[in-house]
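Okay, structure first, notes after.
The values are calculated or read from the model by the stated rules, or taken from the named source; none is laboratory data. Here the structure is a predicted model, which is why all the values come from computation and not from measurement. Here the Cβ is made from the backbone with ideal geometry for all residues, glycine too, and neighbour counts use every protein chain on show. All accessible areas refer to the heavy atoms of the entire protein, side chains included, with ligands and DNA or RNA removed. Shrake-Rupley method; radii C 1.70, N 1.55, O 1.52, S 1.80 Å.
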Amino acid sequence: MIQVDRTAKAEYGDFQTPLDLATQVCKKLVELNIRPTTIIEPTCGTGNFLIAAAQTFPAARQIIGVERNPHYLQEMDRHQRGDRRIETKQGDFFQFDWLSLINEHQNLLVLGNLPWVTNSQQGTIDSQNLPTKTNFQRFRGVDALTGKSNFDISEWMLIQIVGWLQHRPACLAMLCKITVARKLLNYIHANQLNLADFVTYKIDAKKYFAANVEACLLVCKFDTHSHNYFCDVFSALDSYEHHRIGYCNHHGLVRDLDSFSTLSHLYDPTPTTKWRSGIKHDCSAVMEFSKVGSQYVNGFGATIDLEETYLLPLLKGSDVAQNRTLTTNRFVLVTQKLVGESTDGIRAHAPKTWSYLNSHANELKSRKSKIYQHNPPFSVFGVGPYTFAPWKIAICGLYKALDFRLIGPIGGKPAVFDDTVYFLSFEDEQAATETFAHLTSSTAIAFYRSLIFWDEKRPIKASILNCLNLLALAHAEK
């Protein structure tokens, strides 16, 4: 067996599928009554899916594998088991004439395991294994400039495959990240493409690929007319219990349609509640400090003499998640009260702070995000009147738990958060306390659980938090 070096795995997302798993996948497809005439694997690697398909689908007439790496094709030739239906071609997914191949065949199954790598990872290593760059997710403004525009290469590849299989009897069966499967469903729904069936079966990626990701077998069926935009989610290949994710008016994709339907009266299609994210500055070594005794120490380990004027107590997402919210030794420079506000006033109100910021002007100018361009020097984001309110209800978006925290002032100043935290702000303690009681009720928790996809990197989002109608919730709990 060829050993895949680390560079190849990084560039091509090269996770070869074990024969045992490939065989289990093919048997599941037989169980789902999939009986292809032609099977195509677009990135066949060392050929385990081709071998499994040949063993599992005796009625298939052709089994075609395409692979970029000539060493893999040589490996397959040496271990070929003599099945004349198997044909391999050397080709690059991004250059291959797929439509000509697809149009030659009927009753297709496109099978396999596409690269598990993102475009940003490949950009980091200057990879050429990328599609032509387009904003195919149609992000706008800041979202197109920041992390939301990052995507898995397999997402782009799956979209191409779905395009090939439109309006013909065909099936798609791919191993992929669970988040990629959902993004594909979103794309199909947004573009009103043909879809007869969409199912996922969770697989153990750590066991089979030593990869710490949530992964699945994705199975799609296509025909000439159906538009079934939902996904039945199974916890394993051998599981028969499932829940259904699908679309609801206004909100979009819902994790559990049945649970959501019983609580849909709490959904606010035009939210008046506004959960905010914490402060974004992208330069923690300069902007954040630990307080040691009466002195402030920055991320470079230097002791800094600063005025208190622009320093606020900082709680990280881990502090909020683990309920360390009564006190903190962390502080952050909040240089503005509003996004885009001039920072010139710091010079007069806090000259030592102004001098410190100027001494680190190069680090602050070097922040990579484009949101800092054409903004005042030393700018931060995620600030407004809500930042300086004394009472807040906060939750960390990165943790897989609905643990809300009621947080008051720390040391006589309003607590602020990093940008992994979402919060509601209150001027009045009683209003904060009453809202906190509602948010931590079993009804509110059940509502949010029907919407949240826990396998995502940041499962809790402001868009989800905002859609709970707090007035309707308060009325329902009377």
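Tally the residues that are of a type in the set (D, E, K, R) and either modelled with pLDDT under 95 or surrounded by 13 or more Cβ atoms within 10 Å (Cβ to Cβ) (or both), restricting the search to the stretch 339-351. Residues in the stretch 339-351 being of a type in the set (D, E, K, R) and either modelled with pLDDT under 95 or surrounded by 13 or more Cβ atoms within 10 Å (Cβ to Cβ) (or both): 2 in total. Of the candidates S290, S318, the single residue that is surrounded by 13 or more Cβ atoms within 10 Å (Cβ to Cβ), polar (S, T, N, Q) and part of a strand (DSSP E or B) is S290.
Would it be correct to say that T440 is open to solvent by 50 Å² or more (accessible area, probe 1.4 Å), among the β-branched types (V, I, T) and touching a residue at least 12 places away in the same chain (Cβ under 8 Å)? Taking the combined requirement at face value, the residue satisfies it.
If you go through the stretch 258-279 and keep only what is more than 12 Å from A446 (Cβ to Cβ) and of a type in the set (F, W, Y), you end up with Y267, W275.
In the stretch 330-338 there is at least one residue matching the filter, namely being part of a loop (DSSP other than H, G, I, E, B), more than 21 Å from S290 (Cα to Cα) and open to solvent by 20 Å² or more (accessible area, probe 1.4 Å).
Inclusion of Y296 among residues that are surrounded by 15 or more Cβ atoms within 10 Å (Cβ to Cβ), touching a His at 6+ places or on another chain (Cβ under 7 Å) and not hydrophobic (A, V, I, L, M, F, W, C) is not warranted.
Could you go through the stretch 243-255 and let me know if any residue there is crowded, with 17+ Cβ neighbours inside 10 Å, in contact with a His (Cβ under 7 Å, 6 or more places away or on another chain) and on the phi < 0 side of the Ramachandran plot.
No, because not a single residue in the stretch 243-255 is crowded, with 17+ Cβ neighbours inside 10 Å, in contact with a His (Cβ under 7 Å, 6 or more places away or on another chain) and on the phi < 0 side of the Ramachandran plot.
Of all residues in the stretch 287-338, those being over 24 Å from N375 (Cα atoms) and touching a residue at least 60 places away in the same chain (Cβ under 8 Å) number 12.
Residues checked against (1) modelled with pLDDT under 90; (2) charged (D, E, K, R):
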site: E75; (1), (2): yes, yes
site: H79; (1), (2): yes, no
site: K89; (1), (2): no, yes
site: D92; (1), (2): no, yes
site: Q95; (1), (2): no, no
site: W98; (1), (2): no, no
site: I102; (1), (2): no, no
site: W116; (1), (2): yes, no
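Tell me whether the stretch 364-376 contains one or more residues that are modelled with pLDDT of 95 or more, open to solvent by less than 10 Å² (accessible area, probe 1.4 Å) and part of a loop (DSSP other than H, G, I, E, B). Checking the stretch 364-376: not a single residue is modelled with pLDDT of 95 or more, open to solvent by less than 10 Å² (accessible area, probe 1.4 Å) and part of a loop (DSSP other than H, G, I, E, B).
Okay, residues lined up against (1) small (G, A, S); (2) touching a strand residue (DSSP E or B) at 6+ places or on another chain (Cβ under 7 Å); (3) open to solvent by less than 30 Å² (accessible area, probe 1.4 Å); (4) part of a loop (DSSP other than H, G, I, E, B):
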{"site": "S379", "(1), (2), (3), (4)": "yes, no, yes, yes"}
{"site": "I395", "(1), (2), (3), (4)": "no, yes, yes, no"}
{"site": "L398", "(1), (2), (3), (4)": "no, no, no, yes"}
{"site": "Y422", "(1), (2), (3), (4)": "no, yes, yes, no"}
{"site": "A432", "(1), (2), (3), (4)": "yes, yes, yes, no"}
{"site": "I445", "(1), (2), (3), (4)": "no, no, yes, no"}
{"site": "D455", "(1), (2), (3), (4)": "no, no, no, yes"}
{"site": "P459", "(1), (2), (3), (4)": "no, no, yes, yes"}
{"site": "L473", "(1), (2), (3), (4)": "no, no, yes, no"}
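Filtered by the rule that a residue be surrounded by fewer than 19 Cβ atoms within 10 Å (Cβ to Cβ) and not in a loop (DSSP other than H, G, I, E, B), the stretch 33-92 gives Q55, T56, Q62, P70, H71, Q74, E75, D77, R78, E87, K89, Q90. With respect to the conditions (1) within 25 Å of Q160 (Cα to Cα); (2) modelled with pLDDT of 95 or more, K27 lacks only one, and its number is (1).
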